[in-house]
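Read the figures in this text as sums done on the coordinates, not as results from a lab. Predicted, not measured: the structure shown is a model, and the values here were computed from it. Every residue, glycine as well, gets a Cβ built from its backbone with ideal geometry; the counts of neighbours run over all protein chains shown.
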Amino acid sequence: MITIDIPGFGDLTLDHLVADYNGSLAIDGKPLDGVKERLSALAPQLRLHIVTGNTYGDAHDHLAGWPVELVCLPDGAQQRAAKRRYVEILGADRVVVIGNGRNDAAMLKLAALGIAILGSEGAAIDAIESADIVVHHGVDALGLLLKPKRLVASLRG
């Protein structure tokens, strides 16, 4: 569990991290440098979930042995609703979400804390508008959770 008191934003008690994969923690299907180390550092504090459309079809191969629960969604228009429902089932008020796509927007908005990633793929406007904070890189998003005072500095008020 991670607890963060952000004046003017609220007290967060986070038990789960739900992250999109491609565009958020990976590019062209391959994990970004530094992601595995940061997820491993977060694993004692949070249950880690990667919920992905698995665009490149090889997320299982790349994430084998990582401290994450991998959920690969079928192609189709229902991914947005499936991701939102996944966060809802976990208890959205105890979930932090990382994502960049249109299909991530609903879960970013629902979560206690939504972090949008710009990254090399860019980010859908829906995702940016649904997030509480936007960072450049997936490693930066994970860094916010490892160093929560960074969140306090950006979100207080």
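Observations
- Option label - Cα Rg over 2.2 N^0.38 Å computed here, alternatives (i) 0.99; (ii) 0.93; (iii) 1.13: (ii)
- Backbone phi angles across the stretch 117-124, fed through the Karplus curve with coefficients 6.51, -1.76 and 1.60 (θ = phi - 60°), yield HN-Hα couplings of 10, 7, x, 5, 7, x, 9, 5 Hz in residue order; Gly and Pro are listed as x.
- Top of N100, N22, N54 by mean-square fluctuation, Gaussian network on the chain, Cα under 10 Å: N54
- Averaging the Cα positions of each part gives two centres, and for the stretch 91-118 and the stretch 30-83 these lie 14 Å apart.
- The chain, relative contact order [Cα under 8 Å, separation at least 6], %: 26 percent
- Among the GluC sites (Glu not before Pro) found in the stretch 17-123, those both in a DSSP coil and sparsely packed, with 16 or fewer other Cβ atoms within 10 Å of their Cβ, are E121.
- The chain: calculated mean residue ellipticity at 222 nm from DSSP helix runs of at least 4, using -39500 (n - 2.57): -9000 deg cm²/dmol
- Cross-link reach list, lysines versus K147, counting only Cα pairs under 18 Å and skipping chain neighbours closer than eight places: K36
- Of all lysines in the structure, the ones whose alpha carbon falls short of 18 Å from that of K83, not counting any fewer than 8 places away in one chain, are K109.
- 5 angstrom amide H check on F9, placed H, neighbours 5+ away: G157
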